Structures are given as structure tokens and as C-alpha cells.
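S.K.: Mind having a look at this structure? Questions to follow.
The values are calculated or read from the model by the stated rules, or taken from the named source; none is laboratory data. Owing to the predicted nature of the structure, the values given are computational and were not obtained by experimental measurement. For neighbour counting, all protein chains shown are included, and Cβ atoms are generated from backbone atoms with ideal geometry for every residue, glycine included.
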Amino acid sequence: MRFASRENALLGQPEVGIGAPPGAGAIQHLTRLMGRGRALEAVLTSSDFDADLAERYGWVNRAVPDAELDAFVAGIAARISGFPRDALIAAKSAINAVSLPNPAEVRADAALFQQLVRGEKVQQRTAELFEQGFQTRGATELDLGDALGRLKATD
């Protein structure tokens, strides 16, 4: 389950904007969560999504006001913890069997990511982001989707 602070959450898949597809199952999971069209939008645009849009798209279960988030999640955990363990395990296993990707699909995504992320284009685009303040608190990091859109176009 995924819950997000309405005021503070910002989700995105920046990998394509840098030059590689997401690895480690992100494409598999997002497509199952959001559907094909919305997953294409999230992955191919490398845009930032606030909590409300992420909720509408199915990226998160629920967007909750920040002041209520901890108590909301704690309440869900407390409720679930009171249910019979065997039933929880059986239900979660059945849902996982239907909804999670095959481990081979995740490994294939990870291998392609690893191959492309080592390439010259990714290295150039990443260096350009670092020149703009990537991985330091500031405009580039806080608006990464916009920063990716401003990078020099490549073939």
C-alpha cells in the first residue's frame, strides 16, 4: 500500500529523461497500478506528479493531509494487526500472485537499465543535471521533472 502527503509528496520516474528506462520493476508495477496510458505518461514524460494526481492515477492508494498522514497509516496498521495472521498471509499471497510481475521481467528491466545507464548519453545528461544542482536541495531537485525537460535534446 502507498500513501502520500497531500502537501509534501512529489512522485516521478526521471529515468527516461536521463536516458534509460526505469529498472527494477518500475515499469511492471506502474503499468499494473495505473494502466498502460497513464504509465506511459508517467514514464515517458519524466514529469513530477503531486499526491492528488498520483492518487487519481492509482500510483498511491490515498493522498492524505500531511498533518493526518502518520495517524492514518498507524490506524491502518493497527487495524490489520488485529486480524488473523493466516488470513492476512493468504490474502496477500493471492493478491501478489495476480498483481506482481514475474521476477524474470523485473530482472530484464534491471539489466536493460544497467546497460543504458552506463552509456555516454546518460552520463552527459546526468552531468548536466549535476551542474544544475542535482542531488542538492534546490530548484533542480525540487522540480526534477521540469529540469529534465530543459536538458539539451538528444537523438
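S.K.: Can you list residue pairs whose Cβ atoms sit under 9 Å apart, with the first residue in region 27-44 being more than 19 Å from Asn96 (Cα to Cα) and the second being among the acidic types (Asp, Glu) and assigned to a helix (DSSP H, G or I)? Count only pairs 6 or more apart in sequence or on different chains.
M.R.: Val43/Glu15
S.K.: Are any of the residues in region 92-112 touching a residue at least 12 places away in the same chain (Cβ under 8 Å), within 23 Å of Met34 (Cβ to Cβ) and charged (D, E, K, R)?
M.R.: Within region 92-112, one or more residues are touching a residue at least 12 places away in the same chain (Cβ under 8 Å), within 23 Å of Met34 (Cβ to Cβ) and charged (D, E, K, R).
S.K.: Looking at region 125-139, I want the residues that are within 18 Å of Val16 (Cβ to Cβ) and have a partner that is of a type in the set (Asp, Glu) with Cβ atoms under 7 Å, at least 6 apart or on another chain. Which pairs are those?
M.R.: What qualifies is Phe134/Glu141.
S.K.: What about Ala108, is it part of a helix (DSSP H, G or I), among the hydrophobic types (A, V, I, L, M, F, W, C), surrounded by 12 or more Cβ atoms within 10 Å (Cβ to Cβ) and out of contact with any helix residue (DSSP H, G or I) (no Cβ under 7 Å at 6 or more places or on another chain)?
M.R.: Spelling it out, Ala108 is indeed part of a helix (DSSP H, G or I), among the hydrophobic types (A, V, I, L, M, F, W, C), surrounded by 12 or more Cβ atoms within 10 Å (Cβ to Cβ) and out of contact with any helix residue (DSSP H, G or I) (no Cβ under 7 Å at 6 or more places or on another chain).
S.K.: Related question: Out of all the residues in region 1-58, which are polar (S, T, N, Q), under 20 Å from Ala147 (Cβ atoms) and in a helix (DSSP H, G or I)?
M.R.: Residue satisfying the conditions is Thr45 alone.
S.K.: Which residue out of Ser81, Ser47, Ser93 is of a type outside the set (Phe, Trp, Tyr), at pLDDT 95 or above and surrounded by 13 or more Cβ atoms within 10 Å (Cβ to Cβ)?
M.R.: Ser47
S.K.: If I filter region 112-121 for residues that are modelled with pLDDT under 95, in a helix (DSSP H, G or I) and within 29 Å of Ala51 (Cβ to Cβ), do I get at least one hit?
M.R.: yes
S.K.: Do we find a residue being farther than 26 Å from Pro101 by Cα, surrounded by 12 or more Cβ atoms within 10 Å (Cβ to Cβ) and without any contact (Cβ under 8 Å) to a residue 40 or more places away in the chain anywhere in region 58-68?
M.R.: yes
S.K.: Got at least one residue in region 56-76 being on the phi > 0 side of the Ramachandran plot and touching a Pro at 6+ places or on another chain (Cβ under 9 Å)?
M.R.: Within region 56-76 (the criterion being on the phi > 0 side of the Ramachandran plot and touching a Pro at 6+ places or on another chain (Cβ under 9 Å)), the answer is no, since none of the residues qualifies.
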